[in-house]
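Participant: Quick one: structure below, then a few questions.
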Amino acid sequence: MQIIYKALLKIFSLLLVFALIVNCYFYLPEYLLLTVVKSLAILFVYITFTLILGKRIISLIFKPWGDIKFSDKFVIEFGIGNGCISLGGYLLGMFGLLYSWFLVIFTILFIILHKNEVKSAYEEILVQLRKNFYKLLSELSLEGFLLIFFIAICLGMTCALTFVPPTHYDSLVYHLSLPEIYLRKHSIKPALLNIYAHFPANIEMIYTYILSFGEDRVTQLLNFTFLILTIIVVANFYSTFFSNNSKERMCSIALFVSMPAVMLLSSSSYIESGVAFYLFASLYFLLKGKREDENRGFFFVSAIFAGIALGCKYTAGYAIVPLLLIGMYLYRKKIILWALVTLSVFSPWMVKNFVFTFNPIFPFLYSVFNSKFSPLGINAIADKYFQAALSEYKIKIANPSEWLNFPKLLLCQIPRYGGGYDVLGCVGWQFLFFTPLVFFIKERDKKKLTLLAIIMFYLYMFFIEWFLTAQVLRFAYPLLPIMCCVVIYSLSKLPYKMIKYILSFSLALFVVLNFNIFFNIVDVLSPYQVVLGIEDKHTYLSKKLNYYEAFMFINKNLEEDSKILFIGEQRGYGCKRDYIPTSIYQYDVITRIFNTKVIEEIYSHFVKSNITHILINYPELLRLKSYNLYNFTVEGEKHFKMFLDKCTIKMFSKNNVEIYRLKKEV
């Protein structure tokens, strides 16, 4: 039977590749085919550059401590290479040297100068792929074939989504818009009143590097690459600490990649996919370093990865406390060194924040770091940020019913834990209820029981910190890979077969339910139409973003030195001129001006601020009023309309978005 399975897999693989090539060549429009080829080429250049950078660093870390297996080395090389690119972009940006042409030329020259290393690296990758492919064939069963097919389907649908133009809200507000501004200004000096510019931004610095090549969809392919790396860590984690059973390992991977949250976030330009990879890999190498006679190479890699994760997003801090406590248990006093390395890797963002806000961990502890040298209004923004967060995320820590109702809310009111305008990470979490099965397994190995206790401590410590703060499921995304491993291992070790079959069937139903949820979301968003070439990029973006055509008008018709005030619009990505976006975390200066000043004073204020144009997005303006913005008085409303009539000339009006040019004289 194995010979038949092998033959079927080979035939299926060849037919699939052939069908994809034929479909792309004959059915995809030429512009889309060129976009796909260009995106994949840029990704290939990026991965090559990253791997060689990482290889240079890993040779310094591991040379004194012997060899490591290929998959671990690949993960470390890519992870550290990414960190180097982030740090390089940070340094160039701090010194005002962030030029697209320099990044592109430097990358190409670096690859050319290291062509021998590039060749040997890809030869090694091909050898390992061939080796693992034949090993997989030798162990393949019908169940294994079906699992591989299922995983391939999930990854294929996820990968296809990466070629959809970015439309996710937070990406357009800051994940992509800030890198775009940094490249235009050649500096990462933040816009003072844009709170997102003061957040840690390792992945945004990678996005800055990628955008210098001129294709934003590669940022989404990067997150898909992080997903592939996380899958490698899941496989290594399961085989190292749980079981060498290939079917169980593939089940844990299948459970992970089939989650709608994973499929949606790993194909977007959000940053959760990267944070999850770094935190999970940090835990893996921390445990593995102790398992392999306290291998200091893994110990340091764990610390570096934790620091990079913290430099990607503050919410990675949920994992730092349990990692420190686990490290204290495993390594005793050596964990101090781990903490120092983690802090030093994170420290560049503390330095940047101190330089610009006099608060190294802005916006946290803003009352403690309230210096007379702090920029005017910066602490008020921090205060508004936390007020908005408490309101938006509906945090009710003191209410015991929040804890008791969590399972019910997770099942019946999923958007309750969405957070923000996008809810990409809040669907598919139902299998969370299977994690307590670990307490009922039949396991006699004391070392494995200790390991399970450590892993469950990490899971529940992270979860408690999450529940006491943001309560946004997207922020708990780093728990998913380890939860999948725990759930599959627990099911495999349950003592009673009947219970095992019933629970396995229930888990399979949840997977089917997740697919149904995913396709419902896809049906609403309709992303595959642009992937399949049914509609072009501009038509798709015009349908999804009502301001898109206004931005195209700005880029084509407004002078380079124009400065645009956005009223009712936070998203700025795609606008190639200077702009001041709306922010729900700023106190509403515009409303105060119109409510308290006469027309001449308002005009004078705008002229002194070098504002040349005004963009108004009326649907967003109405939506943002719920955040206590644009609440004009009767007199303020009158001033607003009179100002537009007397002091501006309407240049554009479409899709409820208008652009006005300020008159030179009033």
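The values are calculated or read from the model by the stated rules, or taken from the named source; none is laboratory data. These numbers come from a predicted model, not from an experiment. Ideal geometry is used to build each Cβ from the backbone, glycine not excepted, and the neighbour counts take in all protein chains shown. Note: accessible area is taken over every heavy atom of the protein model, side chains too, but ligands, DNA and RNA are not part of it. Shrake-Rupley method; radii C 1.70, N 1.55, O 1.52, S 1.80 Å.
Participant: Can you list the GluC sites (Glu not before Pro) in the range 127-194 that are in a DSSP coil and have 13 or fewer other beta carbons within 10 angstrom? All intermediate terms of the calculation are to be shown ahead of the outcome.
Facilitator: Details: sites: E139, E143, E180; in loops: none.
Those that pass, being in a loop and sparsely packed, number zero.
Participant: Can you sort L92, L221 by 1.4 Å-probe accessible area, starting with the largest?
Facilitator: Numbers: L92 35, L221 0 Å².
The ordering from most to least exposed comes out as L92, L221.
Participant: Just to verify a number: what accessible area does M461 come out at with the full protein assembly present, 1.4 Å probe, Å² rounded to tens?
Facilitator: The accessible area of M461 comes to roughly 50 Å².
Participant: Also: For V657, V598, give me the order by solvent-accessible area with a 1.4 Å probe, most accessible first, ignoring ligands, DNA and RNA. Mind showing how you got there, number by number?
Facilitator: Working: V657 0, V598 75 Å².
Ranking V657, V598 by accessible area, largest first, yields V598, V657.
Participant: Now a separate question. What full-extension length gain, to one decimal in nm, is calculated for S344 and S604 as 0.36 nm per residue of separation minus the Cα-Cα distance? Don't skip to the end; give the middle numbers.
Facilitator: Values: separation 260, 0.36 × 260 = 93.60 nm, distance 4.71 nm.
Residue separation times 0.36 nm, minus the Cα-Cα distance, leaves 88.9 nm.
Participant: Magnitude of the Cβ-charge dipole of the range 446-592, K/R +1 and D/E -1, about the Cα centre, nearest 20 debye?
Facilitator: Values: 16 positive and 11 negative charges, 223 e Å.
Roughly 1060 debye, rounded to the nearest 20.
Participant: Could you tell me which of rounded, prolate or oblate describes the range 258-366, using a ≥ b ≥ c as the square roots of the eigenvalues of the alpha-carbon gyration tensor, with rounded for a/c under 1.5 and, failing that, prolate when a/b is larger than b/c and oblate otherwise?
Facilitator: Oblate is the answer for the range 258-366, as a/c is 1.5 or above yet b/c matches or exceeds a/b.
Participant: Here's something else I'd like to know. Which is farthest toward the positive dipole end of the range 605-666 among N610, V657, F643, measuring Cα position about the Cα centre, with Cβ charges +1 (Lys, Arg) and -1 (Asp, Glu)?
Facilitator: Checked the options; the winner is N610.
Participant: What whole-number value in Å² describes the accessible area per residue of the range 236-363 for a 1.4 Å probe?
Facilitator: Details: 3700 Å² over 128 residues.
Per residue, the range 236-363 has an accessible area of 29 Å².
Participant: Ok, one more. Counting Lys and Arg as +1 and Asp and Glu as -1, each charge on the Cβ, what is the dipole of the range 263-329 about the Cα centre in debye, to the nearest 20? Mind dumping the intermediate values first?
Facilitator: On the way: 5 positive and 4 negative charges, 6 e Å.
Once rounded to the nearest 20, the dipole reads 20 debye.
Participant: Quickly work out the F149-to-L60 label distance, labels modelled 7 Å from Cα along the C-beta direction, and quote it in nm with one decimal.
Facilitator: Using points 7 Å along Cα→Cβ, the separation is 4.9 nm.
Participant: Oh, and also: Order K73, K446, most accessible first, counting only protein heavy atoms with a 1.4 angstrom probe. All intermediate terms of the calculation are to be shown ahead of the outcome.
Facilitator: Values: K73 45, K446 165 Å².
Order by accessible area, largest first: K446, K73.
Participant: Would you work out the charge dipole size for the range 219-295 about its Cα centre, treating the Cβ of every Lys and Arg as +1 and the Cβ of every Asp and Glu as -1, and quote it to the nearest 20 debye? Provide the component values of the computation, followed by the final result.
Facilitator: Working: 5 positive and 5 negative charges, 29 e Å.
In debye, rounded to 20, the range 219-295 gives about 140.
Participant: For the range 620-666, run through the trypsin sites (Lys or Arg not before Pro) and keep only the ones in DSSP coil with at most 15 other Cβ atoms within 10 Å of their Cβ.
Facilitator: Details: sites: R623, K625, K638, K641, K646, K650, K654, R661, K663, K664; in loops: K663, K664.
Filter output for the range 620-666: K663, K664.
Participant: Could you report the accessible area of F110 in Å², rounded to 10, computed with a 1.4 Å probe on the protein chains as they sit in the structure?
Facilitator: 30 Å²
Participant: I'd like the accessible area for W338, computed on protein heavy atoms only with a 1.4 Å probe and all protein chains in place. Round to 10 Å², please.
Facilitator: Estimated to the nearest 10 Å², W338 gives 0 Å².
Participant: Could you pull out the chymotrypsin sites (Phe, Trp or Tyr not before Pro) across the range 469-521 that fall in loop regions by DSSP (anything but H, G, I, E, B) with no more than 13 other Cβ atoms inside 10 Å? Don't skip to the end; give the middle numbers.
Facilitator: Values: sites: F475, Y489, Y496, Y501, F505, F510, F515, F518, F519; in loops: Y496.
For chymotrypsin sites (Phe, Trp or Tyr not before Pro) across the range 469-521 that sit outside H, G, I, E and B with at most 13 neighbouring Cβ atoms in 10 Å, the list reads Y496.
Participant: Where the centre of each part is set by its Cα atoms, how far does the range 38-54 sit from the range 446-483, in angstrom?
Facilitator: Centre-to-centre (Cα) distance: 33 Å.
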